[in-house]
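Below you'll find the structure, written out as C-alpha cells, and then a few comments.
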Amino acid sequence: MSDSEGYDSDDYPSIRGSDSEDEESGSSGNEDVLNTSNNDHLANDHGNDDESDSSELHEGVEESDSSEDEVVPRNTVGDVPLEWYRDEKHIGYDITGKKIKKKEKEDKLQSFLASADDSKNWRKIYDEYNDEDVELTKEDIKSISRLLEGKAPHRDFDPYAPYVDWFKWDDSKHPLSNAPEPKRRFIPSKSESKLVNKIKLAIRKGLIKPKKSKEEEEEEESVYPLWGDDSNSMGKNDHLSYIPAPKPKLPGHEESFNPSLEYIPTQEEINSYQLMYEEDRPKFIPKRFTSMRSIPAYENAVKECFERCLDLYLCPRVRKKRLNIDPESLKPKLPNRNDLKPYPVSCYLEYRGHGDAVTSISVEASGQWIASGSLDGTVRIWEVETGRCLKHWKIGEAVKYVSWNPNPEHSILAVSAGQDVLLLNTGRGNEEVQKSTKELLSVEMPMPDDSGKTASSVSWLQDEELEGIRLRHSKTVTSVEWHRKGDYLSTVMPAGESRAIFIHKLSKKFTQTLSFKLQGPAVTSVFHPTRSFFFISTKKIIRVYDLVKEGKLVKKLETGLREISSIAVHPSGDHIIVGSGEGKLCWFDMDLSSKPYKTLKLHQKDINNVSFHRSYPLFATCSDDCTAYVFHGMVYSDLNQNPLIVPLEILRGHSSTNGRGVMDCKFHPRQPWLFTAGADSVVRLYCH
C-alpha cells in the first residue's frame, strides 16, 4: 500500500487501495481461508455502507491532485447476486452510474508466475464485488489472526475486566433490611404441595389431558385417500400397502379383427401349438373377420374374471421384504478338527473283571494306575498300559464312588460304599510312600468332641481286614472328593439335610460339618483347584463358599436345569461345566455372570458325569445313551475373548444294561486319553 494515500488504516479505502503497478503485475490465484473470510466481510461492507464510503471516496479524490492517487470507482449493486452479471461484460455500476467493466481473464500460468515473483502476494485477496485485488495492511492481518485465535479483534480489549458491583458502597453501615430470614424459606410450601396433588388427581381422572405433540395432531387430522396411489409415498403408513397392478402389453396389429395375412398362422402352425407346453403356447392366435359384428364373444371371459377375483382374494395384502440370507453364513465358523488334535478317537484297551456295572473310576496322579468300583461290591486297581488287574478288594456293599488321592506321596484310595467311606492303602509306590501312607491310615483312638464343630454322626474306625480307615456316617454317602493337597476330603450325604456336607482332615483324623442352608438335598461337592473356594450343588443351584472366611457365600450360580447330576471345575478355576439329568450341559464363566454362558443339548438321556482335562483343552460328558462326547474347550487369558467350544468326537462301544449306559468318565492326567466306565461291567480306554 502506497504512503501517498492519506487515509487511516482502519478505513475501507486504505484496505482496498493499492498501487496500479501491483494490480497489473500480481493477481493471486490462491484461494485460502483468509481470502474467503475477507471476501464475505468486504462484500457486506459494500452492501451496507454505500453512502458513507462514497462520501469518503469523493473527499479523497478532491484532496489529491495526482492521477495515480485516484481511487477506483466502487461497485454500488448492493445485495444483488453477482450471478446476474455472469453473462454481462460489466460487474456493476459506480457512484456516478457508469458501468464497471470486468477484467480480462489472465492466463493461469502467467498469473501463477507473477504471484510467485510478487513478495506481497500473500497479503492480497480478491474482491468479487469490485473485481480487483486488495492488499491488506499489517493492522488488518493482526485483527484477522486474533479472530482466528478466538480473541477480540481489537488489541486494547480486555476480556478479564474487573467486576464492578454497582450495589455496593463503602459508607454502608446497615443492610437494606435487618429482619431475620423467615421460616417459610427453609420448609416446603404446603399450598404448593396441595396444588400439585390436585393436578395429579385431575390427570388421573382424565380431567386434564397432556398437550399432544404436533406429530400426533397431524396424524389425527390426516385423512387417508382410499383410492389414492401411495406406491411412491416414503412415510410409513398404518394401513395396508398399495400394490399397483401390472400394466398389460399394448395391442398390436395381430390383435386387429382384420389383420394382415402375414399375422395369421397356418394350420400346421396351429397344430404345432397344441404340442407345446401350456406356458410356452401363445396366449392369442390372430383371426380374420369381415366386420366388427361378426366377432364372437370372448370364450374365457367368465373364467378369467373368476380367476382374477380369486387372485385378489388370495393375494397377500401387505408387502413383506424377503431376506436373502445364505444358510451357510448362519453356521458358526469353527476351526478344523484336524487342527485341534490330539484328542481321544478310538478304543485302545478294555479292562474286564467286574461282575456288575462299574459305577466309578479314578486315575492315579502319575497316570500309571486306575481304580474302579462296581455294584458287585469290589474295587480293582488296573495297570493302565497293560490292562492287568494288580489288586482288588471285596467291600461287601455296592460301591458308589472311588477317588484317588491327588498327592503322589500318599498312595490312598477313598471308596464310598453305603454309609461308610473307606480309606485304603493301594500298595503302590516306593518304601517311603508306603511308610507315610501307613502312618496316615492308623487310628489310635477316637478324637474327643471339644470344639463343638466335629460331627457326632461320623466316627473314625480302624479296619484291620482291609488295612485302612473306615469313616462311619449316619446316612448313605454318594460322593467323595479330595482337596488338591491331599490332606482334606469332602463327603456328600444327601439324606442328611442340614448336615449333608462333611470335610475330613486325614492328618488329624478330624471331621467338620458344614451347616449351610442349601434349600434342597445336596448332589455333589468340589474343591476349587487353586483357591480356598468350595462348590456345593443342589438339584438346581450351585453355591460357592469361601472356607477361609468361615464359609461365606461368594456366588450363587443359577443353572436353569431340572436336575444337576455332576459338576467339574476348569483347571484355571474360572469356568465350570454342569451336567444335568435331562441331557443338557451348561458352561459357566464365573467372571462373566451367574447365568450359563452356553447351554448345549447333547445326549438323549441323563448325563452321568462331566470331566475336564488337567493340561489339554478338552472336556467330556458321558450318558446313559451309551455314548461319551469329547469337546475342545479353549479358555483364553484375554477377558474380552469368549471361550471356544468345539464338538470333536462321539465315542461309542458300551452296551446298555438295565437302562444304564456309560456311568463315569475320567481323563488321563498327562495324555489325551479318556477312561469310561459302563453298566456292561467294562472299563474302556480311548486314545488319540
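Below, the figures for the structure above:
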read-out	value
Subset of segment 455-477 (residues that are in a loop (DSSP other than H, G, I, E, B), of a type outside the set (Gly, Ala, Ser) and open to solvent by 50 Å² or more (accessible area, probe 1.4 Å))	Glu464, Glu465, Glu467, Lys475, Thr476
Selection within segment 511-541 - of a type in the set (Val, Ile, Thr) and buried (at least 19 other Cβ atoms within 10 Å of the Cβ)	Thr511, Thr513, Val523, Thr524, Val526, Ile536, Thr538
Residues of segment 618-649 that turn out to be surrounded by fewer than 18 Cβ atoms within 10 Å (Cβ to Cβ) and not aliphatic (A, V, I, L, M), as a count	8
Residue match in segment 669-679 (condition: of a type in the set (D, E, K, R) and over 19 Å from Ala371 (Cβ atoms))	no
Test: Ile564 is free of Cβ contacts under 8 Å to residues at least 60 places away in the same chain, surrounded by 19 or more Cβ atoms within 10 Å (Cβ to Cβ) and in contact with a Leu (Cβ under 6 Å, 6 or more places away or on another chain)	no
Wholly enclosed strands (runs of 3 or more DSSP E) of segment 364-452 bearing at least 3 residues open to solvent by 60 Å² or more (accessible area, probe 1.4 Å) and farther than 21 Å from Ser474 by Cβ	389-394
Subset of segment 650-680 that is open to solvent by 10 Å² or more (accessible area, probe 1.4 Å) and small (Gly, Ala, Ser) - its residue that is farthest from Tyr348 (Cα to Cα)	Gly659
Only listed residue being under 20 Å from Val480 (Cβ atoms) and either free of Cβ contacts under 8 Å to residues at least 24 places away in the same chain or under 51 Å from the mean Cα position of the chain (by Cα) (or both), chosen from Ser403, Ser346	Ser403
Hey, Asp280 part of a loop (DSSP other than H, G, I, E, B), of a type in the set (D, E, K, R) and over 30 Å from Val635 (Cα atoms) or not	yes
Residues satisfying the stated conditions in segment 125-152, i.e. surrounded by fewer than 20 Cβ atoms within 10 Å (Cβ to Cβ), in a loop (DSSP other than H, G, I, E, B) and in contact with a Leu (Cβ under 9 Å, 6 or more places away or on another chain)	Glu128
Residue within segment 651-662 that is outside any strand (DSSP E or B), touching a Ser or Thr at 6+ places or on another chain (Cβ under 9 Å), on the phi < 0 side of the Ramachandran plot and among the charged types (D, E, K, R) present	no
Search result, residues across segment 79-106 that are of a type in the set (Gly, Ala, Ser) and either within 60 Å of the chain's Cα centre (by Cα) or in a loop (DSSP other than H, G, I, E, B) (or both)	Gly97
Residue match in segment 461-484 (condition: in contact with a Pro (Cβ under 8 Å, 6 or more places away or on another chain), of a type in the set (Gly, Ala, Ser) and modelled with pLDDT under 90)	no
Failed criterion for Glu278 (all others in (1) open to solvent by 100 Å² or more (accessible area, probe 1.4 Å); (2) modelled with pLDDT of 90 or more hold)	(2)
Residues of segment 591-615 classified as part of a loop (DSSP other than H, G, I, E, B) and under 29 Å from the mean Cα position of the chain (by Cα), total	8
Only one of Val544, Val554 that is part of a strand (DSSP E or B), in contact with a Phe, Trp or Tyr (Cβ under 7 Å, 6 or more places away or on another chain), touching a residue at least 12 places away in the same chain (Cβ under 8 Å) and open to solvent by less than 20 Å² (accessible area, probe 1.4 Å)	Val544
Residue, nearest to Glu563 (Cα to Cα), within segment 480-534, restricted to residues that are free of Cβ contacts under 8 Å to residues at least 40 places away in the same chain and more than 43 Å from the chain's Cα centre (by Cα)	Ala495
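The values are calculated or read from the model by the stated rules, or taken from the named source; none is laboratory data. The shown structure was predicted, so the numbers you read here are calculated from the model rather than taken from an experiment. Positions of Cβ are generated from backbone atoms using ideal geometry, with glycine treated the same way; all protein chains shown enter the neighbour counts. For the accessible areas, the whole protein counts, side chains as well, though only heavy atoms, and no ligand, DNA or RNA atoms are used. Shrake-Rupley method; radii C 1.70, N 1.55, O 1.52, S 1.80 Å.
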